[in-house]
1. Sort out which residues of segment 228-248 are assigned to a helix (DSSP H, G or I) and under 12 Å from the mean Cα position of the chain (by Cα), and write them in order of number.
2. Using beta carbons and a limit of 8 Å, which pairs, at least six apart or on different chains, have the first residue in segment 360-376 and within 13 Å of T48 (Cα to Cα) and the second one at pLDDT below 95 and outside any helix (DSSP H, G or I)?
3. Of the residues that make up segment 93-100, is at least one at positive phi and either buried (at least 21 other Cβ atoms within 10 Å of the Cβ) or in a strand (DSSP E or B) (or both)?
4. If A277 satisfies all but one of (1) farther than 15 Å from L201 by Cβ; (2) in contact with a strand residue (DSSP E or B) (Cβ under 7 Å, 6 or more places away or on another chain); (3) surrounded by 16 or more Cβ atoms within 10 Å (Cβ to Cβ), what's the number of the condition it fails?
5. With A46, A50, A15, A71 as the choices, which residue is in contact with a Lys or Arg (Cβ under 9 Å, 6 or more places away or on another chain) and either more than 25 Å from F309 (Cα to Cα) or without any contact (Cβ under 8 Å) to a residue 40 or more places away in the chain (or both)?
6. Can you work out which of the residues in segment 294-329 that are open to solvent by less than 30 Å² (accessible area, probe 1.4 Å) and touching a Gly at 6+ places or on another chain (Cβ under 7 Å) is nearest to P173 (Cα to Cα)?
7. Being part of a strand (DSSP E or B) and touching a residue at least 60 places away in the same chain (Cβ under 8 Å) narrows it down to one of E224, E198, so name that one.
8. Tally time: how many residues in segment 15-74 are of a type in the set (D, E, K, R), over 20 Å from G181 (Cα atoms) and part of a helix (DSSP H, G or I)?
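The values are calculated or read from the model by the stated rules, or taken from the named source; none is laboratory data. From a predicted model like this one, the values you see are computed outputs, not experimental measurements. All Cβ positions, even for glycine, are placed from backbone atoms using ideal geometry, and neighbour counts span all protein chains on display. Just so you know, the surface numbers come from the protein's heavy atoms only, side chains and all, with ligands and any DNA or RNA stripped out. Shrake-Rupley method; radii C 1.70, N 1.55, O 1.52, S 1.80 Å.
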Amino acid sequence: MLEASSVELLPADHAQATLVGRVLLDAGPTPIVIRDGDVLDVSATAATVADLLERDDVAQITGSRICGVEALGTEAGPRLLAPVDLQCIKACGVTFALSAIERVIEERARGDADKASEIRGDLEARVGSGIRSVVPGSDEAAALKAALIDAGMWSQYLEVAIGPDAEVFTKAPVLSAVGWGDEIGIRSDSDWNNPEPEVVLIVDRHGTPRGATLGNDVNLRDFEGRSALLLGKAKDNNASTALGPFIRLFDASFTMDDVRSAVVDLTIDGPEGYTLAGTNKMSEISRDPTDLVAQALSEHQYPDGFALFLGTLFAPVQDRDHPGRGFTHKTGDVVRIATPKLGALVNRVTTSKAAAPWEFGIRDLMRNLATRGLLA
């Protein structure tokens, strides 16, 4: 298993943070709160994280001590699970100008990485500066759209990048996300793919953002590039969604402005010695996080709340094996996504076929909680 120190896992200012998560105990999946250096089992008060996030007193809830924070990320500590349970897992795409350009490249290359380099240079030269400065849904965006159509350059990805409606899709089924230290899965038949380091908002049943965590919205560029209608197959596979390590709740020490200004660093260490580093600067997002929450809600309700990936600026073009083919994952890659206010999410890459199968669903959780006497 991967190991880490609590210094790496936790936010730099964790002593001031209200942190919520889940761990696997012998009894079953258990909501936790981290306070004063201790990991507290709060399941007697809130059987699920969804229940916990409906409360206004999370910072004061007491619970039984599981261990100290220094044990997290080690064999001596409990296994960390994704910090959500009953929440729907939603995601926004093409929320950054650069990612919009990369999606257009995928579309025009029809998922062929060899063609991508030439298309990228031509498209950035013609569209890059304009799309980076436009406000989605504005009059300027409508004018840019008209100009691109006239030039034969329009794309469905540019529609969601600068049009009035954001791309919002369901990333993964309830309870299927993996947590810190778990293997993350890439389809075994994909040969052009990459991680997507993102900030993920956690929203309660009333549509109120309660906090944030880190996420990896794995992307299969060959599948989605062949057709946007393959989005489901590109995004939703076994072990293809990672969240964690913890949800940091909004309070005086952490606000939505911290999300807006977050700098998310990504590092990939390959088994052959290859390394890649990138950065996702939330200040460059084209749509405000609160607007993305509103667009996800739209004409919908989420009685158990939802997690919302906010999109990424990161689109790796650094060559790995062959000039012009850019980056793609290899089995054994270790992916680290980190930002000071949220800690670090670390996973090792495998195939979705080889990853541990997802076998614990909603019925299993309900039976487990009933057996433990945690359901009212």
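1. Filtering segment 228-248 for residues assigned to a helix (DSSP H, G or I) gives 228-235.
K235, the sole residue that qualifies.
2. As it stands, the answer is M366/L375; L369/L375, since those pairs meet every condition given.
3. Filtering segment 93-100 down to residues at positive phi leaves 94.
Of the ones still in play, those that are also either buried (at least 21 other Cβ atoms within 10 Å of the Cβ) or in a strand (DSSP E or B) (or both) are 94.
The answer is yes, given that some residue of segment 93-100 is at positive phi and either buried (at least 21 other Cβ atoms within 10 Å of the Cβ) or in a strand (DSSP E or B) (or both).
4. Exception for A277: condition (3).
5. Values: A50 fails: either more than 25 Å from F309 (Cα to Cα) or without any contact (Cβ under 8 Å) to a residue 40 or more places away in the chain (or both); A15 fails: in contact with a Lys or Arg (Cβ under 9 Å, 6 or more places away or on another chain); A71 fails: in contact with a Lys or Arg (Cβ under 9 Å, 6 or more places away or on another chain).
Selected residue: A46, the only one of A46, A50, A15, A71 that is in contact with a Lys or Arg (Cβ under 9 Å, 6 or more places away or on another chain) and either more than 25 Å from F309 (Cα to Cα) or without any contact (Cβ under 8 Å) to a residue 40 or more places away in the chain (or both).
6. Among them, the one singled out is F309.
7. Numbers: E224 fails: part of a strand (DSSP E or B).
Within the list E224, E198, the selection yields E198.
8. 1
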